[in-house]
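Trainee: The structure follows.
The values are calculated or read from the model by the stated rules, or taken from the named source; none is laboratory data. Keep in mind that what you see is a predicted model, and the values were worked out from it rather than measured. For neighbour counting, all protein chains shown are included, and Cβ atoms are generated from backbone atoms with ideal geometry for every residue, glycine included. Each accessible area value is taken on the protein alone, full model and side chains, heavy atoms only, with ligands, DNA and RNA left out. Shrake-Rupley method; radii C 1.70, N 1.55, O 1.52, S 1.80 Å.
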Amino acid sequence: MTRAKAMSQNRECSATPELRFPDFHNAPAWAARSIGRILTESRIPSSQSSPDRRITVRLHGQGVEQREYRGTESLDATRHFTRKAGQFIYGKQNIHKGAFGIIPPELDGFETSQDLPAFDFSDDYCPRWFLYYLSREHYYTALEKIMTGTGSKRLSEEVFLAQPILVPTIREQQKIAECLSTLDELIEAESRKLDALKDHKKGLMQQLFPREGETRPRLRFPEFRD
C-alpha cells in the first residue's frame, strides 16, 4: 500500500471543538474525512493559452490574484488549464507558506500551470469553512512534512487529497464561516480607518513643521499663532 493510499483511509476518530455555537451543543462530533471527499481536481486544458490571463496565489493566505505578465513567456512551453471562479487552488511549492485560496469572480476563465492545481467543491461542504480550516498557520505549515521531491519540494495532488480533516455538518460549517467572515469584514473596515488616520497624520506633519526655506509652519495651534 502506498503512503498516499494509506493516508487516504479515514481515521476512526471524531472530535468536538472547545467553542461551539449553542445550536450545535448537542450535535454530533466532527467526523474524519479525507480532503478528497471535499474536493475534486479540475483539469480543463486551455484552448487558447494566454500569458496575460494567468493567476497566482499569494503567500500567508492572502488570496488569489492575476499574475504580472513578464513579456518573455513562451505560449507552448508549459501546459495550462482553465480555472473557474469558486474553485480552490494552491501552489505545490508554497502551500506550507499559505499559498492557497478560492478563485474570485473577476478571475473566472483565467489559467494556471499544473504547479497550481485547482479543485471543485462537493455540494455538502462550505468553501469558506474549508478555506478557514486550512488557513490556520499551524495547519498549513505542517504540510511541509509531507512534501516530496529533490531540490524544490512539492505537495502533489494525490497526497493533498489524501489528507484527513475533521468535518462538522454543513449547517455548522456555514455558521462558522459566517462568523469568521463577519470578523474579517470588521477587520477590513478598521484597517481602512487606520489607513485614513495614517494619511491624516502625514498631512498634519507636512503642515506642522516649516517647509524648506521657511521659518513658520503652515498650520499652528491657536495659542501659538501670534
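Trainee: Can you tell me which of (1) within 22 Å of Lys153 (Cβ to Cβ); (2) not in a strand (DSSP E or B) is the one Glu41 doesn't meet?
Mentor: Of (1) within 22 Å of Lys153 (Cβ to Cβ); (2) not in a strand (DSSP E or B), only one is false for Glu41: (2).
Trainee: So for region 153-162 (the condition being touching a Lys or Arg at 6+ places or on another chain (Cβ under 7 Å), among the β-branched types (Val, Ile, Thr) and closer than 18 Å to Gly91 by Cβ), does at least one residue qualify?
Mentor: No, that holds for no residue.
Trainee: Output the residue which, of all residues in region 1-24 that are closer than 22 Å to Asp124 by Cβ and open to solvent by 70 Å² or more (accessible area, probe 1.4 Å), is modelled with the highest pLDDT.
Mentor: Asp23
Trainee: Further, regarding this structure: Looking only at region 140-164, how many residues end up being acidic (Asp, Glu) and either under 17 Å from Ala118 (Cα atoms) or buried (at least 17 other Cβ atoms within 10 Å of the Cβ) (or both)?
Mentor: 2
Here's the yes/no breakdown for (1) open to solvent by less than 90 Å² (accessible area, probe 1.4 Å); (2) under 30 Å from Asp124 (Cα atoms); (3) at pLDDT 90 or above:
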| position | (1), (2), (3) |
| --- | --- |
| Leu166 | yes, yes, yes |
| Thr169 | yes, yes, yes |
| Ile176 | yes, yes, yes |
| Leu180 | yes, yes, yes |
| Asp199 | no, no, yes |
| Lys202 | no, no, yes |
| Thr215 | no, no, no |
| Asp226 | no, no, no |
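Trainee: Still on this structure, I have one more. Show the residue pairs meeting these rules: Cβ distance below 9 Å; 6+ apart or different chains; first residue within region 166-179 and within 12 Å of Arg20 (Cα to Cα); second residue among the aromatic types (Phe, Trp, Tyr) and open to solvent by 50 Å² or more (accessible area, probe 1.4 Å).
Mentor: Cβ pairs passing all conditions: Glu172/Phe21; Lys175/Phe21; Ile176/Phe21; Ile176/Tyr132; Cys179/Phe21.
Trainee: In region 68-92, which residue that is open to solvent by 70 Å² or more (accessible area, probe 1.4 Å) and under 26 Å from Gly149 (Cα atoms) is modelled with the lowest pLDDT?
Mentor: Only one residue fits best here, namely Asp76.
Trainee: Right, something else. Can you say whether Ile187 is exposed (fewer than 11 other Cβ atoms within 10 Å of the Cβ), under 20 Å from the mean Cα position of the chain (by Cα) and not polar (S, T, N, Q), as far as the supplied structure shows?
Mentor: It is true that Ile187 is exposed (fewer than 11 other Cβ atoms within 10 Å of the Cβ), under 20 Å from the mean Cα position of the chain (by Cα) and not polar (S, T, N, Q).
Trainee: Quick one: would you say Pro222 is open to solvent by less than 40 Å² (accessible area, probe 1.4 Å), over 19 Å from the mean Cα position of the chain (by Cα) and of a type outside the set (Gly, Ala, Ser)?
Mentor: Against the criterion (open to solvent by less than 40 Å² (accessible area, probe 1.4 Å), over 19 Å from the mean Cα position of the chain (by Cα) and of a type outside the set (Gly, Ala, Ser)), Pro222 does not qualify.
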